[in-house]
Amino acid sequence: MERTSEFKNIPEQRLYANILFYLNLIGLFILLTGFTLYLTGVITPLVPLEDLPRFWSLSLDEYIEKSNMPTGWQWISKIGYGDIAPMLGIAVLASVTFVCYFVLLFQFLKRGVKTLALIVSIELLLILLSASNLIQVTH
Amino acid sequence: MKQSIKVKFILTIYSFFTPTLIFSATDEVFTMPWWGWPAALFFTTFFIGIFGVLAGIGGGVLFVPLASSFFPFHIDFVRGTGLFIALGSSLAAAPHLLGKNLASIKLALPTALVASAFAVVGAFFGLWLSALNPAYIQGSLGVTIIGIVFIMLFAKDSEHPSVAGGNYLTQMLHIGGIYQEETTGKEVSWTVHNTGKGLFCFVFVGLLAGIFGLGAGWANVPILNMIMGAPVKVAVATSGLALSVTDSTAAWIYLNKGAVLPMITVPSLVGIMLGARIGSKLLPKVKPAAVRYIVISVLFLAGVRSLMKAFGY
């Protein structure tokens with residue numbers, strides 16, 4: 001098979017892999033630290049551990065209403081509560097792709113790879129839109 | 001010896017799922033200490049991790065029907081966790097696969113873009129449907145899982161599909177790559193075709209991932225391999241990378257809506273990651289085909305149970 005640019009791996013593969021690897025480790029570390037603090041009772045939770053079985057079978061709307069759990073980005077203001085602390089690690093894990101794509105965008109722009117830069121930009125906007133909590137569906 | 005390993009696995013699966021089935025009488029929730037269900041979830045996901053790897057099936061697709069059918073958690077929390085399980089597993093595996101040039105960023109970028117856009121739509125639709133009546137989601141999950149079982153049973157793969165050149169989209173996006181085949185030491189060049197058709201299929205992959213919180217390896221691999229013509233190793237590896245992108249967008253929707261309960265998500269994530277590590281070590285010692293059929297049977301049962309739950313049984 002003739003080797004054209006089509007058959008070459010992009011040079012950013014290694015960089016993407018490294019960022020992914022370290023951010024994932026950091027995310028897991030933060031997640032497990034937060035969860036350990038929650039589980040051991042070092043930080044008081046909003047919903048006491050022994051009351052959890054009364055909440056986890058509720059529908060989402062009922063759960064939010066009865067537990068006073070924050071939605072959207074409000075969890076940041078309640079990060080001191082045990083059941084909110086692990087959210088930081090969860091948010092880091094959910095952000096790993098965003099950071100990787102952000103780096104990719106700069107690399108593609110630097111190399112002048114416009115098509116791939118456009119795809120990455122749209123994906124970044126999509127992740128931002130999802131994370132922003134700006135889209136609301138009412139029922 | 002092989003027979004004995006097979007028997008041991010069958011016994012382990014049944015001994016593991018039997019208590020889960022017994023505990024499925026969710027009215028008895030309050031008789032258990034609060035830590036009982038998260039502990040049961042940890043062990044369940046640990047085994048899902050092991051058997052998922054042995055059977056070549058992603059953890060998310062096993063987790064959602066099992067946890068929503070046999071545990072007392074509301075299906076919204078299960079779906080939120082399912083997305084994070086799929087996300088966590090794909091994030092953990094991707095660096096190694098990218099390093100070996102098996103996962104391809106060039107192939108993942110367009111496919112993940114289509115899938116993630118529709119995963120957002122699916123996530124909103126799923127949460128809206130669940131707010132109307134959780135039985136709608138539970139029932140459609142059951143139907144979807146039974147459909148997935150048939151796809152898993154009958155989908156074929158091709159190690160190195162022949163690819164017709166001259167595809168406009170493929171050339172525009174420069175989709176292709178080179179990897180080293182470890183068994184022969186030879187470099188393999190690959191590209192894809194039917195890119196438009198393949199991208200269209202990712203619309204449905206994204207919708208299902210968003211609606212049900214399922215990982216979508218079961219769909220990604222046949223699309224990438226059989227429709228687009230990527231070598232099977234590239235398809236499997238790139239599917240994981242694309243999942244890490246697709247699930248990120250849907251995961252944010254569930255997280256923002258409050259559908260991620262750390263007491264459900266963290267034990268599940270840790271359990272499945274530990275299980276997957278053990279599974280990858282056991283892989284050379286067991287017969288994957290036998291385990292695959294057992295796991296597919298369990299998945300089928302979970303699908304049926306999900307349907308029954310939707311109808312109030």
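The values are calculated or read from the model by the stated rules, or taken from the named source; none is laboratory data. These figures come from a predicted structure and were not determined experimentally. Heads up, the Cβs are rebuilt from the backbone with ideal geometry, glycines too, and the neighbour counts pull from every protein chain shown. We work out accessible area using only protein heavy atoms, side chains counted, and drop any ligands, DNA or RNA first. Shrake-Rupley method; radii C 1.70, N 1.55, O 1.52, S 1.80 Å.
Quick notes on this one:
For every residue, the table says whether it meets (1) within 7 Å of another protein chain (Cβ to nearest Cβ); (2) at pLDDT 95 or above; (3) outside any helix (DSSP H, G or I).
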| position | (1), (2), (3) |
| --- | --- |
| A:Gly41 | no, no, yes |
| A:Pro53 | yes, no, no |
| A:Met69 | yes, no, yes |
| A:Trp75 | no, no, no |
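- Looking across segment B:201-252 at every residue that is out of contact with any helix residue (DSSP H, G or I) (no Cβ under 8 Å at 6 or more places or on another chain) and not basic (Lys, Arg), the one that is nearest to B:Ala135 (Cα to Cα) is identified as B:Met226.
- Candidates are the residues of segment B:262-290 that are in contact with a helix residue (DSSP H, G or I) (Cβ under 6 Å, 6 or more places away or on another chain) and of a type in the set (Gly, Ala, Ser); the one that is surrounded by the fewest Cβ atoms within 10 Å (Cβ to Cβ) is B:Ser280.
- Residue that is surrounded by 12 or more Cβ atoms within 10 Å (Cβ to Cβ) and more than 9 Å from every other protein chain (Cβ to nearest Cβ), where the choices are A:Leu60, A:Leu46: A:Leu46
- From the list A:Ala94, A:Ala117, the lone residue that is facing chain B (nearest Cβ under 9 Å) and out of contact with any strand residue (DSSP E or B) (no Cβ under 9 Å at 6 or more places or on another chain) is A:Ala94.
- Considering B:Ala259, B:Ala251, the condition of being modelled with pLDDT of 90 or more, crowded, with 24+ Cβ neighbours inside 10 Å and outside any helix (DSSP H, G or I) is satisfied by B:Ala259 alone.
- Exclusive hit being surrounded by 19 or more Cβ atoms within 10 Å (Cβ to Cβ), part of a helix (DSSP H, G or I) and more than 8 Å from chain A (Cβ to nearest Cβ), set B:Val114, B:Val120: B:Val114
- Within segment B:291-313, the only residue that satisfies the criterion of being open to solvent by less than 20 Å² (accessible area, probe 1.4 Å) and over 19 Å from B:Val143 (Cα atoms) is B:Val291.
- Matching residues in segment A:10-39 - criterion: being buried (at least 17 other Cβ atoms within 10 Å of the Cβ) and more than 7 Å from chain B (Cβ to nearest Cβ): A:Ile19, A:Leu23, A:Gly27, A:Leu28, A:Ile30, A:Gly34, A:Leu39
- So B:Thr246, is it in contact (Cβ under 8 Å) with a residue 12 or more places away in the chain, over 28 Å from A:Leu46 (Cα atoms), surrounded by 24 or more Cβ atoms within 10 Å (Cβ to Cβ) and not aliphatic (A, V, I, L, M): yes
- Of all residues making up segment B:182-225, the number that are part of a loop (DSSP other than H, G, I, E, B) and free of Cβ contacts under 8 Å to residues at least 40 places away in the same chain: 7
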